[in-house]
Every structure is written in C-alpha cells, then in structure tokens.
Amino acid sequence: CEYILCGHSERRTLFSDSDDAINRKVRKVLDMGMKPILCIGETKEEYDLKIKNEVCAMQLSKDLVGVTKEQMEDVVIAYEPVWAIGTGLVCGAEDANEVHLFLRGVLENLYDEEVAQQTRIQYGGSVTPDSVDELMAQPEIDGCLVGGASLDSEKFGRIINYVKKEAAVAAE
C-alpha cells in the first residue's frame, strides 16, 4: 500500500473525524513512509452560505499542522465538495478549478510557492465519464479521486482513459 485516504467526507460526517484526528492520521501515514491523500471539502449548507473557501482553508490548515515542506512532496490533496457526492448535484469544472486555485494560495501561505505548485490536488466530487474530460482540462486540477464510478468497469475504464482537451480560456 502506498496511498492512504485521510479525512474522507464519509469519515468526517459518519464517524465525526475531527481535524485534530485527521492531522494525527496524516502525520502517522507520513511517519510510516506512506503517502496521505488528504480529503477536504464543504457541505451543502456551507456551500449555500458561500463559505466553501473558508471551510477548505481551515481544514487544510488544521490537517497539515506539523507537516514539513519536505513531507509535502508525499501529500496529495483531494477536494471533495461533500454536497456533490452521490447526490446528483454537480460541481462544475470551472468552479472546481477555482477552488483548486484557492487551495494553492492556502498552501503558498502555509509553505511557499514551490509547495503550492508541486502539490498534487485532485478533484473528488462524483467524477463520472460525462464530467472527467472537462475536469481534467482545467489547469489546476491534477487528477481525480474516483469513488462509486470505480465499481463499474465500463465507467471506470472511460474515466481513466479520459480525452485530454484544453480548458476554455475566458476572454479578457
């Protein structure tokens, strides 16, 4: 085993995993020579209150306490908008990209620009064969954390063989 999920939305909600507990898990995974995939993301209520950035910044800051710049080479961040997991609601690719860009800013404040740019940030909010191409075209999205779709070989095969295309660039 090389990668371990820490802070997955189901653990946070169903088992009330606190940021302190998640932080201990992240550090333990690193101490054991493995690589944590730190999952962060807001609930529907937090999204509706327009505090997703604040929630994600707080989770990231608390969950990475005591993790060194050198250890960040082995940390993967997964942005999981909880409200988009298994609900039929969709986080648009451009919205997800904006959150990823914001997270890079948080990482830059916690560490430096090098860490912010080199940290792999994946998207994990109900990735489907229909959404993967647009998600992976976004410049700040480094990959996908696939949940339920990985249980269907046809869907998963389509996701891992996504079609690389360029993101739409906004007119200036």
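The values are calculated or read from the model by the stated rules, or taken from the named source; none is laboratory data. This one's a predicted model, so the numbers in the text were calculated from it and none came from an experiment. Here the Cβ positions follow ideal geometry from the backbone for every residue, glycine too, while neighbour counts run over all protein chains shown. Only protein heavy atoms, including side chains, enter the accessible area calculation; ligands, DNA and RNA are left aside. Shrake-Rupley method; radii C 1.70, N 1.55, O 1.52, S 1.80 Å.
Structure above, values below:
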{"read-out": "Set of lysines with alpha-carbon distance to K165 below 16 Å, sequence-local pairs under 8 removed", "value": "none"}
{"read-out": "Summed side-chain charge close to L64 - residues other than L64 whose Cβ falls under 11 Å, Lys, Arg +1, Asp, Glu -1", "value": "+1"}
{"read-out": "In sequence order, calculated HN-Hα J values of region 31-45 (Karplus, 6.51, -1.76, 1.60; Hz; x Gly/Pro)", "value": "4, 8, x, 10, 10, x, 9, 7, 8, 9, x, 9, 7, 4, 4"}
{"read-out": "Of [x] 24, 18, 17; [y] 36, 24, 15; [z] 27, 17, 14, the label for semi-axes √(5λ) of the Cα gyration tensor in Å derived from the coordinates", "value": "[x]"}
{"read-out": "Reachable lysines from K50, criterion Cα separation under 24 angstrom, eight or more residues apart if same chain", "value": "K62"}
{"read-out": "Global geometry of region 19-103, whether rounded, prolate or oblate, following the gyration tensor of its Cα atoms and the 1.5 cut on a/c", "value": "prolate"}
{"read-out": "Estimated vicinal HN-Hα couplings, Hz - region 88-97 in sequence order (Karplus 6.51, -1.76, 1.60; Gly, Pro = x)", "value": "x, 7, 10, 8, x, 4, 5, 5, 4, 4"}
{"read-out": "Charge context of E114, other residues only, Cβ under 12 angstrom, K/R +1, D/E -1", "value": "-3"}
{"read-out": "Computed label-point distance, nm, for sites D74 and F156 using a 7 Å Cα→Cβ extension", "value": "2.6 nm"}
{"read-out": "R0 of 35 Å, Cβ-Cβ distance V90-M34: FRET efficiency to nearest 0.05", "value": "0.65"}
{"read-out": "Accessible solvent surface per residue of region 88-172, calculated while the other protein chains remain in place, 1.4 angstrom probe, Å²", "value": "58 Å²"}
{"read-out": "Pair R11, E54: separation of 7 Å Cα→Cβ label points (nm)", "value": "2.7 nm"}
{"read-out": "Solvent-accessible ranking of K69, K50, largest area first, probe 1.4 Å", "value": "K50, K69"}
